[in-house]
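Written below as structure tokens is the structure these notes are about.
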Ligand code: PXP
């Protein structure tokens, strides 16, 4: 049984700083400056999603992030030949493989690792051979957890979107799926992360899942930062995570 008081890392996703920059076509606000501010405010890592359509983060952003950050860089990418080539050149600490559909507003579901076949296996192998820690962004589904272990990924990130989008009994059922998937994954020797849709209001029960060691959070944090600044938004998120974690240990 993992120690419930194991530290929980916060990865700050800065995609939506780039969304705001791109709305006017200039350089402000700079997502790399935001990443450095998040690092100074205590972020344990920075996450950036280089989408195939480059709607927010761009190639030059990931290169600057890699060159300037002290904390680990986690690149979210689709499992494509192009992204494997870019990630291998940039050399982030980690790559989280995500499904991508051009018309989606955000990453709407987990990766189908079970049916990913040879192309997915080859992507995982290529990234690992490039020395990058590979994570699979999956729904809390036992088949997908087992498939992630079988494909050789050392890490999974559980998609918390459905948990965040539901209420009452439905949310309790989603939380249970997350708890079960995290326990299954840890039993298979996988490191467990989680993210998507998390906010100070809903993060507690997810932070309380003892097998989870990292949360990746973007939209709600950047939204909060509009009102209170990035420093305080990160502090508030950390406090909400710590309260959830402590609750698990109590
Ligand atoms: N983790 C992954 C794999 C994601 O794709 C995203 C969204 O880009 C997040 C975490 C963060 O989600 P949110 O922006 O809703 O906090």
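The values are calculated or read from the model by the stated rules, or taken from the named source; none is laboratory data. All values reported here derive from a predicted model rather than from experimental measurement. Every residue, glycine among them, receives a Cβ derived from its backbone with ideal geometry; neighbour counts consider all protein chains shown.
Some values worked out for this structure:
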item	result
Verdict on residue 155 being under 17 Å from the mean Cα position of the chain (by Cα), within 16 Å of the ligand (Cβ to nearest atom) and without any contact (Cβ under 8 Å) to a residue 60 or more places away in the chain	no
Filter result for residue 52 (outside any helix (DSSP H, G or I), in contact (Cβ under 8 Å) with a residue 12 or more places away in the chain and closer than 17 Å to residue 154 by Cα)	no
Output for the range 55-99, where each listed residue is in a strand (DSSP E or B) and farther than 23 Å from residue 119 by Cα	73
The one condition in (1) out of contact with any helix residue (DSSP H, G or I) (no Cβ under 7 Å at 6 or more places or on another chain); (2) buried (at least 22 other Cβ atoms within 10 Å of the Cβ) that residue 191 fails to fulfil	(2)
Tally, over the range 113-129, of residues that are in a loop (DSSP other than H, G, I, E, B) and crowded, with 17+ Cβ neighbours inside 10 Å	3
Failed criterion for residue 197 (all others in (1) part of a helix (DSSP H, G or I); (2) farther than 17 Å from residue 8 by Cα hold)	(1)
Residue among 181, 186, 208, 240 that alone is away from the ligand (no atom under 12 Å from the Cβ), surrounded by 23 or more Cβ atoms within 10 Å (Cβ to Cβ) and touching a residue at least 40 places away in the same chain (Cβ under 8 Å)	181
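Okay, residues lined up against (1) outside any loop (DSSP other than H, G, I, E, B); (2) modelled with pLDDT under 95; (3) farther than 25 Å from residue 88 by Cβ:
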| position | (1), (2), (3) |
| --- | --- |
| 135 | yes, no, no |
| 148 | yes, no, no |
| 162 | yes, no, yes |
| 173 | yes, no, yes |
| 201 | no, no, yes |
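Conditions tested, residue by residue: (1) touching a residue at least 12 places away in the same chain (Cβ under 8 Å); (2) within 14 Å of the ligand (Cβ to nearest atom); (3) within 25 Å of residue 116 (Cβ to Cβ); (4) surrounded by fewer than 16 Cβ atoms within 10 Å (Cβ to Cβ).
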site	(1), (2), (3), (4)
148	yes, yes, yes, no
162	yes, yes, yes, no
171	no, no, no, no
214	yes, yes, yes, no
221	yes, yes, no, no
232	no, no, no, yes
